[in-house]
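**Student:** After the structure tokens below, expect a handful of questions from me.
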């Protein structure tokens, strides 16, 4: 993941649009030289610019030179830090997984005694993140970034997010709240549930059922509770 970029900046990018720069006033003094970026600053500026463009455009079909222009650096500068645009987008996607993991972790910790309620909460947190940040969410799961060998940092971030879910299921099995079984299989089923719901809501494919982004979290809770019915421990 892009360790040089703070989580706070992710929320700021999602919450605040870029302000328009005012026109410079006429001056007899020579213009100030462009800011110099040291290694960390340039990398962060490029990731920030790419994230902003994904959010604003709802897509990532822009060229790397456009990101460089947005960041205020030369067209060749990005190649000092990223092999190509895909490598840059992988960093942006990694930040998304980092933010999603924190949201799910906080949701799980809010219910330290009830693994079942923690399960419901992280499902709601997952759907809420995807619905609130649709373009970023699509990028995170885009087919063009699916190569684990090429984007190891991205997939490590994805795996860490998945581990929040498996951790809650393991806790539930140990405490007798969830049926014992293969944890990863249970987690896969749960992930498919919330990912499918998120995608359906983002694509507006369930609007005919009266499901909108506004109440997606409520439906996520209902879906998670329905799944939990099938995960109840077997009684002798």
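The values are calculated or read from the model by the stated rules, or taken from the named source; none is laboratory data. In this text the structure is predicted, and so the values were computed from the model without any measurement. A quick note on method: Cβ atoms are made from the backbone with ideal geometry, for glycine too, and the neighbour counts reach across all protein chains shown.
**Student:** Among the residues in the stretch 48-69, are any modelled with pLDDT under 55 and not in a helix (DSSP H, G or I)?
**Tutor:** No, the conditions are met nowhere in the stretch 48-69.
**Student:** Also, I was wondering about something else. Is it fair to say residue 101 is at pLDDT below 95 and either out of contact with any strand residue (DSSP E or B) (no Cβ under 9 Å at 6 or more places or on another chain) or closer than 30 Å to residue 67 by Cα (or both)?
**Tutor:** For residue 101, the condition - at pLDDT below 95 and either out of contact with any strand residue (DSSP E or B) (no Cβ under 9 Å at 6 or more places or on another chain) or closer than 30 Å to residue 67 by Cα (or both) - is not met.
**Student:** Considering each of 183, 211 in turn, give the residue that is within 17 Å of residue 224 (Cβ to Cβ) and at pLDDT below 95. Walk me through how you get there before you give the answer.
**Tutor:** On the way: 183 fails: at pLDDT below 95.
Exactly one residue qualifies, and that residue is 211.
**Student:** Residue 232 passes all but one of (1) under 28 Å from residue 174 (Cα atoms); (2) part of a helix (DSSP H, G or I); which number fails?
**Tutor:** Here residue 232 meets the rest and fails (2).
**Student:** Separate question: Tell me yes or no: at least one residue of the stretch 74-97 is under 30 Å from residue 180 (Cβ atoms), modelled with pLDDT of 95 or more and assigned to a helix (DSSP H, G or I).
**Tutor:** yes
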